[in-house]
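I have placed the structure first, in the form of structure tokens, so that the comments after it can refer back to it.
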Amino acid sequence: MKLVLIVGNGAVGKMTVGQELMKLTGLRLFHNHMTIEPVLEIFGTFHTDAILQMREVIFREFAKSDNYGMIHTIMWAFDMQQDWDYINHVVDIFQEHNAEIYCVELVAPQEIRLQRNETPNRLAHKASKRDITGSRERVIAMDEKFRLESNPGEIPFENYMRIDNSNLEPDVVAAMIKERFAL
């Protein structure tokens, strides 16, 4: 079993790279909006507990399955202890089943991410992003409120890589990840 965490700022391309990595490796993609969107639809608002409980069930059931592995995409606020706790909790679930853990951090400047915020693929898979103005404001606000890029040496995983994907196509980034980690 393998767990590949793809972390990074809003609209950096986590889901899109994850989609390409799934095509190349057979890993299954569980991007963060797969739980956010249904909860928003049902509750009409962001309901953190419901989202986290849904993820918990999926992580636990998947970790004990015979699947090759999972790609999970998530924004990680490095200045928030609760985000560190969340990442460690997810990793612990998979390590209980002897999973190999990999972490990929994607980085790109805000101006590029704001352009990506409006791509057809993003809008097709994330209904909450279809209000382009509101989504743009959230990307900017998150950048101002949280530190969403790691400091050198901060990410504790042995299998870690940081990729500036500003000028790289998602399939190229996925191929880099596959090759680096022999997935």
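Assorted remarks:
- Taking Lys and Arg as +1 and Asp and Glu as -1, the other residues whose beta-carbon sits under 14 Å from that of residue 109 total -2.
- Summed side-chain charge close to residue 146 - residues other than residue 146 whose Cβ falls under 12 Å, Lys, Arg +1, Asp, Glu -1: -2
- Remark: the residue 92-residue 65 segment gains 8.2 nm on full extension, using 0.36 nm per residue and subtracting the alpha carbon distance.
- For the set 14/145; 2/23; 64/145, the pairs lying more than 27 angstrom apart at their alpha carbons are 64/145.
- Each Lys or Arg adds one and each Asp or Glu takes one away; over the other residues whose Cβ falls under 10 Å from the Cβ of residue 68, this sums to +1.
- In the range 1-79, the inverse of the mean reciprocal separation of distinct Cα atoms equals 13.3 Å; this is its Kirkwood hydrodynamic radius.
- Peptides 15-26, 157-168 ranked from most to least packed, by the mean per-residue count of other Cβ atoms within 10 Å: 15-26, 157-168.
- Segment residue 84-residue 158, extension gain: residue separation times 0.36 nm, minus the distance between their alpha carbons: 25.0 nm
- Inter-probe distance in nm under a simple model that places probes 7 Å from Cα toward Cβ, at residue 23 and residue 110: 3.2
- Semi-axis lengths, Å, the chain, gyration tensor of Cα atoms, sqrt of 5 times eigenvalues: 23, 20, 17
Here, each number is a calculation from the coordinates, and none is a lab measurement. Bear in mind the structure is a predicted one, so any value in this text is a computation, not a measurement. Cβ atoms come from the backbone with ideal geometry, glycine included; neighbour counts cover every protein chain shown.
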